[in-house]
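Scroll down for the structure; my scribbles are underneath it.
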Amino acid sequence: MNKKTLKLIVLGCEVVFAVLAFIMMFLPAVEGKILGTTYNAFQTSFGYTENSAKIWGFSFGNFLTFIFLLVAIGACCVKVVFKKGNIGKFAGIVSAVLFIVAGIFFFLNQTFAISDLKDAYKLAVGAILAGVFSIIAGCVVCFDTFFLKD
């Protein structure tokens, strides 16, 4: 396998895992321990009201998770555009770090959430998968930035 084909495969993996991490935010992020009610990452981040009762408030920690993930995807695009030179390498490093930090923050979704009842909830499949995919995307970007030379 030549180097160009390997770079394309790695780039494809970066894109797939980044998109998967973003899509997982729409799946349930927290789940009730007793009733089994689920809320996605957007509801736990930006607040959610049900029957005029405030369930979740705005959470800056969960909002940072979204920002980190979106900036990491943007930096990954910059890395592709400026593949040769210092700008591409710097964008790759920024992208890898932000993907990994966003992945860790996804695992802290329930901890960052603002609610009086947050102890009654546990982490659900959406936040777990988003964290895993984000960390994998960060590792793949790291591999591409440091080990695959043009």
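Before moving on, here are some points about what is shown:
- Checking Ile67, Ile104, Ile100 one by one, the residue that is under 29 Å from Lys3 (Cα atoms), in a helix (DSSP H, G or I) and at pLDDT 90 or above is Ile100 and no other.
- Pick from segment 54-64, criterion of a type in the set (Gly, Ala, Ser) and not in a helix (DSSP H, G or I), ranking: surrounded by the most Cβ atoms within 10 Å (Cβ to Cβ): Ser59
- Those residues of segment 70-97 which are in a loop (DSSP other than H, G, I, E, B) and at negative phi, in sequence order: Phe82, Lys83, Lys84
- First in segment 18-44 and more than 9 Å from Gly126 (Cα to Cα) and among the basic types (Lys, Arg), second anywhere and at pLDDT below 90 and assigned to a strand (DSSP E or B), Cβ under 7 Å, 6 or more apart: Lys33/Tyr121; Lys33/Lys122
- Residue within segment 58-69 that is closer than 19 Å to Gly138 by Cβ, of a type in the set (Ser, Thr, Tyr) and either in contact with a Cys (Cβ under 6 Å, 6 or more places away or on another chain) or in contact (Cβ under 8 Å) with a residue 40 or more places away in the chain (or both) present: yes
- In the set Lys122, Lys89, Lys83, only one residue is surrounded by fewer than 19 Cβ atoms within 10 Å (Cβ to Cβ) and in contact with a Lys or Arg (Cβ under 7 Å, 6 or more places away or on another chain); that residue is Lys122.
- The residue that is modelled with the highest pLDDT, among those in segment 107-117 that are assigned to a helix (DSSP H, G or I) and surrounded by 16 or more Cβ atoms within 10 Å (Cβ to Cβ), is Phe107.
The values are calculated or read from the model by the stated rules, or taken from the named source; none is laboratory data. All values derive from a computational prediction rather than experimental measurement. Backbone-built Cβ (ideal geometry, glycine too); neighbour counts: all protein chains shown.
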